[in-house]
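The values are calculated or read from the model by the stated rules, or taken from the named source; none is laboratory data. Being a predicted model, the structure only gives us computed values, none of them experimental. Backbone-built Cβ (ideal geometry, glycine too); neighbour counts: all protein chains shown. Side chains are part of the model used for accessible areas, which takes the heavy atoms of the whole protein and leaves out ligands, DNA and RNA. Shrake-Rupley method; radii C 1.70, N 1.55, O 1.52, S 1.80 Å.
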Amino acid sequence: MADTTFRPMTGPRWPQYRGSSPQAGNTAVAVDPYATGLIERSAAAYASAVPDDAADQGFFGPGSVTWRMSADLALPVAGLRSLLMQALHPLAMAGVDQHSDWRRDPVGRLAATSAYLTTVTFGDQAAALRAAARVRRIHVHVRGTDAVTGHPYAAGDPALLLWVHASLVDSALAAGSLVGISLSAADSDRYVAEMVAAAELVGVPRSLVPSSVPALDLYIASVRPGLRSTPAAAESMARLLDPPGLDQDAAEIWQDVRDAAIAALPRWARQLYGYAMPRPMTPGRRTEVRQSLGVLDAMFLGQPGVLEARQRITLRTRTARST
């Protein structure tokens, strides 16, 4: 799943976004999972995943829409929206709930996901293939039965992998349109087509992967009848939308990020969770959110290795343009 970059501390809570399930919040957590350095660990993962000397331009390259989208300030909004969408698939959520330690260490899981996505985007093809192979090996052992639907699941099932992929791609487009890069119709289609390669890497046959925006919309509509907010989904998303501790400054930034992520959801997804629509994304409100995202990005950029990693990406882009 995709990463979000903020640094939770101590402060107020927002009960309007807490999970409504009676099971939400009943799991004991030994330590404050948000006190373990989300920005620091995500930054370290990002810096280590951008290669010093790539053997090739990877599966996308500097001229791709994928590279352009990766630099969008709206990326944290896209990441949070993607998690909200992914969690609505009961089998995908069951796999996360039963086979990961997100309750004990959500930061570690998000940092690992960030490293994987960065490697696939900016790494050379060999690095991306190695990273994808590791993910596929992990997926072999992630299987079981969803307690809500009673259906079996396997993380390596192309159908589940496709939902995770589609949620990520659709969220990047939705978040960009709302508070970031609003692509032209042609570039939106190009982005969806480029990202087919990312789905193939984790084991989804190319023939199943939407390669245009209309195809992506049709796919999501086809899955929608089976989506629901299970107790696990409600609990996990409540933790992301309503972190255990934030100071006042961080709380204001996070409120903007989560409000934008919820506003970017389709109405039916908000209804499944029971979320109210945040305040309208007027031009003034969009400016406020963009300012918060800028502060968040500055916090991320200030971490060791991040500036150097971005400089390496910029150098590759300039080199590609000059050849």
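Structure summary
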| item | result |
| --- | --- |
| The chain - mean residue ellipticity at 222 nm from DSSP helices (-39,500 (n - 2.57) per run, n ≥ 4, rounded to 500) | -19000 deg cm²/dmol |
| Span from the region 254-308 Cα centroid across to the region 219-242 one, whole angstrom | 19 |
| Probe 1.4 Å, accessible area per residue of the chain, Å² | 44 |
| Listed residues 51, 152, 62, most fluctuating in the chain (Gaussian network, C-alpha, under 10 Å) | 152 |
| Residue 317-residue 295 FRET efficiency (beta carbon distance; Förster radius 35 Å; 0.05 resolution) | 0.90 |
| Accessible-area composition of the chain, carbon plus sulfur, in percent [1.4 Å probe] | 55 |
